[in-house]
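Here is the structure we will look at, set down as structure tokens.
Coordinate-derived values only; no laboratory data. Worth saying up front: this structure is predicted, and the values here are computed from it rather than measured. Ideal geometry is used to build each Cβ from the backbone, glycine not excepted, and the neighbour counts take in all protein chains shown.
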Amino acid sequence: MRIITQPIYSPTLGLDDRIASTMKNVRAAEKITNFRIANGEIRKDWGYVTYGSNQPLLGTSCSLSVYREYNSTLTPHCLTSKYIYEYETASDRWNVVGRGTLLDNCEDAWDAAANVICDVSTDEKRGANSASIAIAAAFGTGLAADEDISASDVTDDTYLHFWIKSNIATAAGD
């Protein structure tokens with residue numbers, strides 16, 4: 001399948017609806033909403049909702065592009081200094097499509113230690129499920145749960161990325 005790209009320039013000249021779109025600078029937006037450029041990064045605008053429910057994206061935003069497939073499906077992509085993200089409209093999420101090593105998809109329950117319950121939840125970040133780990137009050141310290149992962153060569157990787165969601169409200173930095 002051939003993919004046709006259409007560049008979307010960073011709207012560094014702001015919103016301009018005074019002249020026709022064919023006559024304005026490509027860096028002036030006509031119908032753009034919901035974000036602004038601040039310190040070289042794309043950020044949600046004041047008073048608007050976030051474009052994508054899993055913001056902020058990791059790294060500094062470098063460009064936004066929309067890819068049009070032959071069936072006329074438009075798919076936004078965001079290139080950051082760390083990843084390439086593809087926007088999935090059905091889930092309102094930016095998904096990483098760049099190179100990386102998936103160690104575990106968390107689609108099944110992990111092995112639980114004493115006073116820990118491991119299960120599968122449909123409250124997912126990606127895919128259909130997520131691993132759910134409930135720590136009982138009687139749990140002390142140490143390993144709460146573990147998962148066997150297939151042998152993977154991660155020697156060229158520089159960091160690991162985890163998605164962790166707590167059902168306990170915490171303060172920033174906790």
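Applying 0.36 nm per residue to the separation of Glu69 and Gln55 and subtracting their alpha-carbon distance, the gain on full extension is 2.5 nm.
³J(HN,Hα) across region 111-120 via Karplus (A = 6.51, B = -1.76, C = 1.60, θ = phi - 60°), whole Hz, x for Gly/Pro? Taking θ as phi minus 60°, the curve returns 7, 8, 8, 4, 6, 9, 10, 10, 8, 10 Hz for region 111-120. Here the label points at Val120 and Glu86, each 7 Å from Cα along the C-beta direction, are separated by 2.4 nm in the simple model.
With a cut-off of 14 Å between beta carbons, the residues surrounding Lys125 carry a summed charge of -3, where Lys and Arg count +1 and Asp and Glu -1.
Debye-formula intensities of region 124-174, expressed as log10 I(q)/I(0) at q = 0.19, 0.20, 0.27, 0.31 Å⁻¹, are -1.09, -1.17, -1.30, -1.29 (one equal scatterer per alpha-carbon, no solvent).
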